[in-house]
Amino acid sequence: MSLIKQLWLAILFTVTVASTGSFILSTLSSKNYLEEQLQMKNIDNVTSLALSMSQMKKDSVTLDLLLSAQFDSGHYRYIGLFDPNGKLISERVNASSQTKAPKWFIKLVPIKVHAGMADVQNGWQQYGSLTLESDVSFAYDKLWDATLLIALWTFLIGLLACYVGGEILRKILSPLDEVVNQAKAIGEDRFITIEEPKTLEFKAVVHEMNNLSNRIKETVTKESARLEELRLKNNYDDVTGLMNRDYFVNTMEANISHDEYNEGALVIFRLSNLAQLDGAMGYPQANALLRSISGALEAQCSEDSSLTAGRLSGTEFAVFCKRNTDEFALANKLKQAVSRAAKIDNAELTARFLVVTTKARKMDETASLFKALEFVLNLSSLSEENYLRVINASSIVVTENNNLVEWKTQLSDALTNKRIKLEHYPVITTEGTLIHNESPVRLQLEENGKWLCAGEFINWATQLNLIKTIDELVLETAIVLLAEGASPMCLNVSASAMCDRKYTQKAVKLIKQHLQHPNLLSFEVSEIAAFDHLNEFKQFCNKLKAVGCHVGVEHVGLRISRLGELHDIGLDYIKFDASIVRGINTNETNKTLLRGLCMVAHSIGVQAIAEGVNNDDEIESLKEVGIDGLTGPGVKFQQTH
């Protein structure tokens, strides 16, 4: 039984006992009062009547008339006159006495009054004695009426006491709901904190629970920071802060091999005269120049989230774009930014760059791409002029604006006619059971035409502000499939849809209306979207978890130092980026990093899932570090019915 119910029962019991005791005491007090008054009445009346008779002539007719007059003038049950020997001379008896009080009440609360007795004198001699008893029926009437009135007032006062007590209890226990919610949240591994209430007992509980939440958050934050430091040390260049070659290549390979990837671009910069600059400027100034170059590349990556920059060697830098783009325009823009950043005060010194770029298509061999680009760079290494070389230049788009108009027409037609479907890629536990199917969208621009993966149209849809429409259609499609009995599925939600309250409201409405088992549907957002819009993500998460859905974060890898900020959201899972997972069986540092990330995830009650798993060797290593789930090209799952 809950504490609130117990307190309510305690209040009701107290009020009932108090009311019942008050009722009984009032009734008994009234009974005793009436008995005393009737006793006094009997004595006074019999004394007065005896005195009157003592002063009269003692003939039987006169005494009988006086007795009748007295009997008729008051409420008496019995008046009797006896001689000194006890022989009855005359009497009057009320045989028709009635009361409105019920018999059970009379039996339960009897009014016992002794008869009044007095002597009648005849001169100096005793003539006889009088016995007088008042009629108690009117006393029962009064007592019954008083009892009913007392019962009514007791009931009303009891109701008032319950109401007042309830309001007081509600005010006292108002912090209890927050305490209960906090306890539930902690039970669900959501370590939230709340304001400490004024009630001392609750304050002590909340204080300790807040301390627990803060300790967990602090532990997760410290561990995340330590893992971030390890990640940076292992995967980033010490001088420039850019990705090192291995990590850059892994990141690029993870993107190219992803099912949703279509086409991107790779740009490589070579600082051809670094040795000359180093000798002329000195080691510190040369490093400052390199940091300036890397800062320019990082600034470009910050402006465009599809860009990733790395340092391949002492003299080479690279930028990878994971979306379809004009590689010449991209390379030229980056070249200008780098050239501005590499200006040297000494007029005799000039930083010279060799730049080469190419398309990076789906499932291209990254090693072959790098080999081809570096071959071109090596052929031009004797050149002293800055130049830009484009491999496969004929693939450069003609006019982006024309393409944008064409895409708008085709996308609008496809969305209007709902030429949309979902693919399904399994995410399984390390034991082989299905967690859910990742369900990326496929779009058919023309009727009976090719089905395009998200990587082929998502950038255009974003530029045309159609991404939320796509998210809504994906949601409707998934709900229909789940209502028809499909396996659990997961939808990727764009940042714009996640931040849109109308999308969330629509999702909640559709789920309530059509899904009997909302736990079969999961929503996930990218790491970038989650942390760039953390407040909106928390609201999104709370609303969808309230209706029974699961929520997760995908592509986690660049902002692991901020994982502690997710401790109070109630996430169901985190998917670690393929760039960390790739080659985990041969990379001990990344294995240590991922083991720590799994511990952080488990400490806040979140499943840890690895993305981009390629082979059985990686799977075995992932099991060793404590991963909970797997997804990627190397993950096989046989659906059973």
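The values are calculated or read from the model by the stated rules, or taken from the named source; none is laboratory data. The shown structure was predicted, so the numbers you read here are calculated from the model rather than taken from an experiment. Reconstructed Cβ throughout: ideal geometry from the backbone, glycine too, with neighbour counts over all protein chains shown.
Residue-level check: of (1) surrounded by fewer than 18 Cβ atoms within 10 Å (Cβ to Cβ); (2) over 37 Å from the mean Cα position of the chain (by Cα), Asp259 misses just (2). Selection within region 579-617: residues that are β-branched (Val, Ile, Thr) and within 26 Å of the chain's Cα centre (by Cα). The member of this set that is nearest to Leu227 (Cα to Cα) is Val600. Among the residues of region 251-276, those identified as farther than 20 Å from Pro440 by Cβ and assigned to a strand (DSSP E or B) are Ala265, Leu266, Val267, Ile268, Phe269, Arg270, Leu271. Condition (residue is β-branched (Val, Ile, Thr), at pLDDT 90 or above and within 20 Å of the chain's Cα centre (by Cα)) applied to region 564-573: is it met by at least one residue? Checked region 564-573: no residue is β-branched (Val, Ile, Thr), at pLDDT 90 or above and within 20 Å of the chain's Cα centre (by Cα).
For (1) of a type in the set (Gly, Ala, Ser); (2) modelled with pLDDT under 80; (3) out of contact with any helix residue (DSSP H, G or I) (no Cβ under 8 Å at 6 or more places or on another chain), each residue gets a yes or a no:
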site	(1), (2), (3)
Gly128	yes, no, yes
Leu159	no, no, yes
Cys162	no, yes, no
Thr193	no, yes, no
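Looking only at residues of region 445-472 that are among the small types (Gly, Ala, Ser) and part of a helix (DSSP H, G or I), we find that the one that is farthest from Leu491 (Cα to Cα) is Ala461.
So that you can scan it fast, the table gives a plain yes or no per residue for (1) without any contact (Cβ under 8 Å) to a residue 40 or more places away in the chain; (2) of a type outside the set (A, V, I, L, M):
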| position | (1), (2) |
| --- | --- |
| Phe202 | yes, yes |
| Ser213 | no, yes |
| Glu228 | no, yes |
| Asn244 | no, yes |
| Ala254 | no, no |
| Asn262 | no, yes |
| Gly279 | yes, yes |
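Take the residues in region 110-123 that are assigned to a loop (DSSP other than H, G, I, E, B) and either out of contact with any helix residue (DSSP H, G or I) (no Cβ under 7 Å at 6 or more places or on another chain) or polar (S, T, N, Q) (or both), then tell me which one is surrounded by the fewest Cβ atoms within 10 Å (Cβ to Cβ). Filtering first and then ranking leaves Gly123. Scanning region 509-538 for residues that are among the β-branched types (Val, Ile, Thr), touching a helix residue (DSSP H, G or I) at 6+ places or on another chain (Cβ under 6 Å) and assigned to a helix (DSSP H, G or I) turns up just one, Ile511. Within region 70-109, the set of residues being farther than 30 Å from Ser54 by Cα and surrounded by 15 or more Cβ atoms within 10 Å (Cβ to Cβ) comprises Thr99, Ala101, Phe105, Ile106, Val109. Restricting attention to region 568-622, the residues that are of a type in the set (Gly, Ala, Ser) and part of a loop (DSSP other than H, G, I, E, B) add up to 4. Quick check on my filter: what residues within region 477-505 are surrounded by 16 or more Cβ atoms within 10 Å (Cβ to Cβ) and either farther than 21 Å from Val553 by Cα or outside the structural domain of Leu411 (by TED's automatic domain parsing) (or both)? Listed by number, the residues that qualify are Thr477, Leu481, Leu482, Ala486. Note on region 307-331: residues that are out of contact with any Leu (no Cβ under 8 Å at 6 or more places or on another chain), assigned to a loop (DSSP other than H, G, I, E, B) and surrounded by fewer than 17 Cβ atoms within 10 Å (Cβ to Cβ) amount to 1. Does Glu618 satisfy being farther than 20 Å from Lys217 by Cα, among the acidic types (Asp, Glu) and surrounded by fewer than 21 Cβ atoms within 10 Å (Cβ to Cβ)? Here the answer is no, as Glu618 does not meet what is asked. I'm trying to understand the selection: among the residues of region 152-177, which are of a type in the set (Ser, Thr, Tyr) and within 29 Å of the chain's Cα centre (by Cα)? The one that is of a type in the set (Ser, Thr, Tyr) and within 29 Å of the chain's Cα centre (by Cα): Ser174.
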